[in-house]
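Report on the structure given below.
The values are calculated or read from the model by the stated rules, or taken from the named source; none is laboratory data. Worth saying up front: this structure is predicted, and the values here are computed from it rather than measured. For neighbour counting, all protein chains shown are included, and Cβ atoms are generated from backbone atoms with ideal geometry for every residue, glycine included.
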Amino acid sequence: MYITKNAELINIDSDFDKAVQQAKKLYLEGSVFIYPTDTIYGFGANPFNGEAVKRIGEIKQREHGKMYILLINSIETLLKYIEIKSENHLDFLLSIWPNPVSVVLSLNSKTSDILGTETAAFRIPNHRFCVKLTSELQMPLISTSVNRSNQPPMVDPSVIVDEFSSETDAIFYSDKKCYYEASTLIDLSDSVPKLLREGKIKFEDILEKFKNS
């Protein structure tokens, strides 16, 4: 297990731009941090940094090999990493994002070789801090719930600090309300969306957008 002295606590409402730059620096250094999203608080790191990915898995006590949702800032950034099966799929993604809907997509060969998997889940979040950070990075950002494996996600910053401040490098938090529901997760690696987990956005509404795209 990785132990830090104590995570730096950063209120993103106090100095938003400085908080974004601190998170960017941590990402590029291969650190692990916690941050608010448009759903629940998440562990964040660079998905292409093997040590950082391994560290999150050990903190969460999660079985090796499970992939994490990746936040991105735009469709343009997404296209660097995936293979789009049809223009219809692209129109569909444009219609549902930014929103708490995570979509499993087929990776291109270069990204697949690096990550060791053929697919990954992506989302353009509807959250100011996440959008600004991913725009600065122009790269995917890991987002996985703040909890130990098989335990409910933690959404109260004070509880998160008590549990994880000795194992992470920084905890970014907000005084604003955190949404308590995970993203809806669908699989679009084939021709038609498949529901993997229903969250805040209902699957029937997503299917309606797919039919109209």
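A count restricted to segment 14-40 and to residues that are over 17 Å from Ile59 (Cβ atoms), within 12 Å of the chain's Cα centre (by Cα) and hydrophobic (A, V, I, L, M, F, W, C) stands at 0. Count of segment 122-158 residues, restricted to those that are closer than 21 Å to Lys24 by Cα and either surrounded by fewer than 13 Cβ atoms within 10 Å (Cβ to Cβ) or among the aliphatic types (A, V, I, L, M) (or both), is 9. Out of the residues in segment 34-71 that are touching a Phe, Trp or Tyr at 6+ places or on another chain (Cβ under 7 Å) and of a type in the set (S, T, N, Q), state the one that is nearest to Thr184 (Cα to Cα). Restricting to residues being touching a Phe, Trp or Tyr at 6+ places or on another chain (Cβ under 7 Å) and of a type in the set (S, T, N, Q), the top hit is Thr39.
Filtering segment 79-88 to residues that are under 15 Å from Ala120 (Cβ atoms) and at pLDDT 90 or above leaves Leu79, Lys80, Tyr81, Ile82, Glu83.
Note on segment 160-213: residues that are surrounded by fewer than 17 Cβ atoms within 10 Å (Cβ to Cβ), in contact with a Lys or Arg (Cβ under 9 Å, 6 or more places away or on another chain) and closer than 18 Å to Thr37 by Cα amount to 1. Here is the figure for segment 30-51: residues that are more than 14 Å from Met139 (Cα to Cα) and without any contact (Cβ under 8 Å) to a residue 24 or more places away in the chain total 2.
Of all residues assigned to segment 68-77, at least one qualifies as being touching a residue at least 60 places away in the same chain (Cβ under 8 Å), in a helix (DSSP H, G or I) and of a type outside the set (A, V, I, L, M).
Taking segment 1-55 and the strands (runs of 3 or more DSSP E) fully enclosed by it, the elements with 1 or more residues that are farther than 19 Å from Phe122 by Cβ are at 8-11, 33-35. Selection of segment 113-165 for residues being of a type in the set (A, V, I, L, M, F, W, C) and more than 14 Å from the chain's Cα centre (by Cα) yields Ile114, Leu115, Met154, Val155, Val159, Ile160, Val161, Phe164.
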